[in-house]
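Colleague: Below is the structure I would like to discuss, written out as structure tokens.
The values are calculated or read from the model by the stated rules, or taken from the named source; none is laboratory data. Because the structure is a prediction, the values reported are computed rather than measured. Cβ atoms come from the backbone with ideal geometry, glycine included; neighbour counts cover every protein chain shown. We work out accessible area using only protein heavy atoms, side chains counted, and drop any ligands, DNA or RNA first. Shrake-Rupley method; radii C 1.70, N 1.55, O 1.52, S 1.80 Å.
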Amino acid sequence: MAAKRIGTSLVLLLGLLLLAGAAKAGPTEADERVDAFLDETAGLFGPSEADVVRAFGAPRDRQAVPFNSPHDDAPYEIVTLAYDGLTVSLYSMDGGARQFFHQIRVTAGPTCFARKVCLGIPRERLAAVLGRPEDAEDEIWRYSDMSGYNELAFTFDAKGQVDSMTWTAEAD
């Protein structure tokens, strides 16, 4: 009985040591690559709705939907700007004084993400830029940042070329 308790304690101690070592290891190269790519892509679109409109012109449609987060006292909005083949959504707070991206989705046209990741590039080129995805199912590749709140998703056509790209940041 005492030997069993010691064995169980050793297993728990080893598990804790492994977890502590993983926590100290910090972000991996893949984590840093995805985080940098997310930041670079957001930078292409600018930090606000006004910047998006400056870059892409007046949207075909604009919607503002109230959004409540359990972690924020003040409600805010999700502003969605729709263009042909491009949809950009931003979290908008303080009457638009503070904004950050919720989602950038490209389904057609010449709009690219950072590092010339555009519709039509082959799967191999995407892997060269971002590495192998964390999650690959059927024709969808997903990458997440270190926080787990931000994600990139790419879908592929029958030829193995990117046919949609989505950059998403979820408010918790």
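Colleague: Roughly how many Å² of Val88 are accessible to a 1.4 Å probe, to the nearest 10?
Modeller: That residue has around 0 Å² of solvent-accessible surface.
Colleague: Taking the alpha-carbon set of region 57-103, what are its Rg and Dmax in Å?
Modeller: My reading of the Cα-based Rg and Dmax gives 11.3, 35 Å.
Colleague: Let me spell out the model: positive unit charges on the Cβ of Lys and Arg, negative unit charges on the Cβ of Asp and Glu, origin at the Cα centre of region 105-150. What dipole size does that give, in debye rounded to 20?
Modeller: Here the size comes out at about 320 debye.
Colleague: Summing +1 for each Lys or Arg and -1 for each Asp or Glu, what net charge is found among the other residues whose Cβ lies under 12 Å from the Cβ of Cys118?
Modeller: +2
Colleague: With θ taken as phi - 60° and the coefficients 6.51, -1.76 and 1.60, list the Karplus ³J(HN,Hα) couplings across region 144-161 in order, rounded to whole Hz; mark glycine and proline as x.
Modeller: 10, 7, 5, 6, x, 8, 10, 9, 10, 9, 10, 10, 10, 7, 5, 8, x, 10
Colleague: To the nearest 10 square angstrom, what accessible area does Glu137 show with a 1.4 Å probe?
Modeller: 80
Colleague: For region 23-172, give the magnitude of the charge dipole about the Cα centre (Cβ charges: +1 Lys/Arg, -1 Asp/Glu; no others), in debye to the nearest 20.
Modeller: Approximately 580 debye in magnitude.
Colleague: With +1 on the Cβ of every Lys and Arg and -1 on the Cβ of every Asp and Glu, and nothing else charged, how large is the dipole of region 81-164 about its Cα centre, in debye rounded to the nearest 20?
Modeller: Dipole of region 81-164, to the nearest 20 debye: 360 debye.
Colleague: For Arg33 and Ala171, what does the FRET efficiency come to when R0 = 25 Å and r is the distance between their Cβ atoms, rounded to the nearest 0.05?
Modeller: With R0 = 25 Å, the Cβ-Cβ based efficiency is 0.55.
Colleague: Quick one: grab the alpha carbon gyration tensor of region 19-139, order the square roots of its eigenvalues as a ≥ b ≥ c, and give me rounded if a/c is under 1.5, else prolate or oblate depending on whether a/b is larger than b/c.
Modeller: Here region 19-139 falls in the oblate category.
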